[in-house]
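The values are calculated or read from the model by the stated rules, or taken from the named source; none is laboratory data. Since the structure is predicted, the reported quantities are computational estimates derived from the model, not experimental observations. Positions of Cβ are generated from backbone atoms using ideal geometry, with glycine treated the same way; all protein chains shown enter the neighbour counts. For the accessible areas, the whole protein counts, side chains as well, though only heavy atoms, and no ligand, DNA or RNA atoms are used. Shrake-Rupley method; radii C 1.70, N 1.55, O 1.52, S 1.80 Å.
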Amino acid sequence: MKSRWSEREARRCGGDPLALRVYTSRLLGQEPTLVLHGGGNTSVKAPVRDLFGEPEEILYVKGSGGDLKTIDASGFSPVRLDVARRMAELERLSDTAMVTTQRAAMIDPGAPNPSVEAILHAVVPFCYVDHTHADAVVTITNTRDGADRIHRIYGKRMLIVPYVMPGFLLSRKVYEMTREVDWSRCDGMVLMNHGVFTFADDARVSYERMIRIVTVAESYLRRTAKTVASRTSHVVRPLSYDLRPTTYDRSCLEQLARLRRAVSCARGGAVVARWEPGDEAAAFSALRNVTSVATRGTLTPDHVIRTKPFPLIVRRNPEADVERFTVAYRRYFARHANGKLTCLDPAPRWAVWPGRGIVAFGRSMQDVGIVADIVRHTLRAIRAGEALGGWRPLPQRALFDVEYWELEQAKLKKGGASLPLQGKVALVTGAASGIGKACVETLRAQGAVVAALDIDRRIVSLFAQPGIIGVRCDVTDARQVDAAVQETVRHFGGLDILISNAGIFPASESIARLRQETWNRSVSVNLSSHQRLLQACIPYLSLGIEPSVVIIGSKNVAAPGPGAAAYSVAKAGLAQLARVAALELASSGIRVNVVHPNQVFDTAIWTPQVLASRAKQYGLSVEQYKSNNLLNVEITSRDVAQLACAMAGSLFAKTTGAQVPIDGGNDRVI
Ligand code: ZN
C-alpha cells in the first residue's frame, strides 16, 4: 500500500491541526481495504481558548456514523480531553452514561455524537491517532494462531490487544494494559479481530505508520499464499462447476427471483437482490468447504449489523433455504439473548449460491451496495485466512453483542423511513421521454429500482443514478424484449411492476386512405409488442412481490376520433388484452389495470408547432386548447405517472381489470 501523502496538499492546511486531521483522515478513507462504509476513526488533540480566554485541551474525534472518505471539520466531535481521559479511569460505565457524559463534555452541542472509541483515543498520549479496520491485518488476526503471527511479524514495538467489545470495555482494557507501557517504544497497536491503531504527534508520521504496518501485513499474506499454493496441500479446491455462465438461462433467473421473494417475505418488505456472478465470487462459491468457511463469522465485528453473523447457503429449493436460515438465526438469537432484547428481522443479508456466485440483499440500492462491498472484502479475507491454516473469526457470542448493541443499531436508523415502493423492481417501456420517463422518475422517487427501456439509444445514459438501468430495446423485436427482461431480473433479482407504455401516434389518415404500413406499424407497436412483453414478464412477475401490471391506454379506446383508426383500434385491442390478462393472471396474484390518458402535451409527439396548429383548428389559444376538458385542467406526464405508480402500489392492492381515465373529464368518455 502506497502513502498518498502530498506535501503540497498538506501545506494547504496551513499548520492547522484539525485541517491536517481532515486531510489524513480522507487519505485513509480513500482506501477501501483500510476502512469500509463508516469503519475506522481518527482524532487530534489540540489546545483552544474558550470564550473567557481560558486554555482547554480538546479531543476532536470522528463523529459516530461519519465516513472518513468524505469527512470535514464538522464531522469531528470536540470533547474536553480531561473528561474523556477520566472516563477511562472508571471501573465501569454504561453505554447510556458514556454517551451522555461525552455529549455533556462537548464544546459544541451541535456536533455529532463522538465515536464509540472516543475514550480510547483520549487514552493514547499523542496528538494524532489513526484507527482502521485494515483487511490485511485483521485477516491475519482472524486465524488459529493469529496473535503469534502478529507478534512474529511486528515484534516488540507492536502492542497486541486481545479482542474486547468496542466502546468503554475496549477503552478501559487499553487503559489498563498501557498504564506501565513506555509509549515511545510503540509503533502501533493491533486489536485482535478488529483493527489497527497508530499514533504520533505529527499527522504524517501517524498516517504513514498505518500505511507501513498494513503494507507489511499485505506482503506477509502474499508470501504465505505463494508458499501454500506451491505445497497444494490442504488448499480448498473448487468443485467442477461451470464458472462462466455465458447466458443466464431462465431456470437460473427464476431461481434468483424465488430467492429474492423468499428473502423479502422473511424481511417483511421487498428487497433488491444483487447477484455477483463475477470470477472471484463464483470461485469462492464453488469451494468444497464453502458452507463451513462462509458461515464462521464476519471480517470485523461491526460488519455484523450489515451482513448478519452468517450468510444463507442456497441449495435446491430457495424457499426451504430461507426457512432454514431464519430458523438458524432465531436459534442464534435465543442462545445469546437470555430472554431479553427483541429479535431483529431474521432475513439473510447475503447468500452463497454454489457455483453461481454470491447474492447481496438490501431494502435500498445503498444498503445492497454496502453489503456487496463488505462481502467482497470478506471473501478475500476468508481465502487468505484459509491459506494461513484456518479462517477463525470471532465466535457468534461476540458478534451477537455487537449486532444487538444499541450504539451500533443506532447507526442503521440513520437510513431513513421506507418509501411506498421501497425495494420493488419495476420495468418501464418508452422510458426516454414523456409518460415513460415520468414513470421511471416517480417509481424511483417512491423507492423502486427501475429498468428503463427505450428504442432511443440515449436511454443507456439518460438516468445516471444508482437504481435505474437504461436498456436499449426495440419492443417489436421479441429477442430484444426477452433479453431486456432477463437483464432486469439479473440486475435487480426479480420483477414486481411492469408499466407497459411504449407507443406511437401515427399521422392522421382516413380509413379510405389508410396505408397498410401505417396500420401494421401501429398494431405492431401499440398492441402486439405489449402482448410479447407481458408474456416475457409473466414467469418473473408470478415470482414477484405483490406484482402489478399497468397498461398505458388512451382516451381513444372509449372515444375514438376520425382519422385515427390505426391508433384507436390498436389501443382498443390493448385494453382488451389487459382485461383478459386480468382474468388469467389473478390466480397468480398479478393485478392488471389500465390508465387512459388524454391531452398529455409534454410528450415527444406534441411539438410546439403541432400544438399551435391543433389549437388553431379548434379556434382556441394554445393555453385554452391544453385545458380543453370538463375540469379545465392541464394534464402532465407526471400526473399520469403518479396515477400509474399508485395503481402499482398498495392503494390499488385489491383492484384488477380496472380502466381509469386521466383526462380532466371528457363527456364522451363519461
Ligand atoms: Zn474500530
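Couple of notes before you dig in:
- Within the stretch 566-670, helices (runs of 4 or more DSSP H) holding 2 or more residues that are among the small types (G, A, S): 608-617, 637-648
- The sole residue among G40, G63 that is among the small types (G, A, S), farther than 14 Å from M106 by Cβ, within 16 Å of the ligand (Cβ to nearest atom) and in contact with a helix residue (DSSP H, G or I) (Cβ under 7 Å, 6 or more places away or on another chain) is G40.
- Unmet criterion (only one of (1) out of contact with any strand residue (DSSP E or B) (no Cβ under 6 Å at 6 or more places or on another chain); (2) in a helix (DSSP H, G or I); (3) in contact (Cβ under 8 Å) with a residue 60 or more places away in the chain) for Q422: (2)
- Number of the exception - I497 against (1) at pLDDT 95 or above; (2) open to solvent by 10 Å² or more (accessible area, probe 1.4 Å); (3) of a type in the set (A, V, I, L, M): (2)
- Residue match in the stretch 134-142 (condition: more than 12 Å from the ligand (Cβ to nearest atom) and either in the same structural domain as E406 (by TED's automatic domain parsing) or open to solvent by 40 Å² or more (accessible area, probe 1.4 Å) (or both)): no
- Close pairs (6 angstrom Cβ cut-off, 6 or more residues apart or separate chains): within 22 Å of V314 (Cβ to Cβ) in the stretch 336-352, surrounded by 14 or more Cβ atoms within 10 Å (Cβ to Cβ) and of a type in the set (K, R) anywhere: D345/R267; A347/R267; R349/K308
- Enumeration of residues in the stretch 101-122 that are polar (S, T, N, Q) and more than 14 Å from the ligand (Cβ to nearest atom): T101, Q102, N113
- Being assigned to a strand (DSSP E or B) and under 25 Å from E254 (Cβ atoms) is true of G470.
- Qualifying position, being within 16 Å of the ligand (Cβ to nearest atom), open to solvent by less than 30 Å² (accessible area, probe 1.4 Å) and in contact (Cβ under 8 Å) with a residue 12 or more places away in the chain, among I313, I305: I305
- Restricting V271, V327 to residues that are surrounded by fewer than 19 Cβ atoms within 10 Å (Cβ to Cβ) and away from the ligand (no atom under 16 Å from the Cβ) narrows the list to V327.
- Within the stretch 422-453, the residues that satisfy the criterion of being of a type in the set (S, T, N, Q) and over 19 Å from A484 (Cα atoms) are Q422, T442, Q446.
- Check on Y154, away from the ligand (no atom under 16 Å from the Cβ), in contact with a strand residue (DSSP E or B) (Cβ under 9 Å, 6 or more places away or on another chain) and more than 16 Å from V181 (Cβ to Cβ): no
- When residues in the stretch 123-133 are screened for being in a strand (DSSP E or B) and more than 15 Å from the ligand (Cβ to nearest atom), 1 of them pass.
- Number of the exception - M189 against (1) more than 28 Å from L312 (Cα to Cα); (2) touching a Lys or Arg at 6+ places or on another chain (Cβ under 7 Å); (3) modelled with pLDDT of 95 or more: (2)
- Out of G589, G619, sole residue that is at positive phi and outside the structural domain of P539 (by TED's automatic domain parsing): G619
- Search result, residues across the stretch 195-205 that are surrounded by fewer than 24 Cβ atoms within 10 Å (Cβ to Cβ) and within 16 Å of the ligand (Cβ to nearest atom): F199
- Number of residues in the stretch 1-38 that are in a loop (DSSP other than H, G, I, E, B) and surrounded by fewer than 22 Cβ atoms within 10 Å (Cβ to Cβ): the value is 17.
- Of all residues making up the stretch 524-552, the number that are surrounded by 24 or more Cβ atoms within 10 Å (Cβ to Cβ), of a type outside the set (S, T, N, Q) and more than 31 Å from the chain's Cα centre (by Cα): 1
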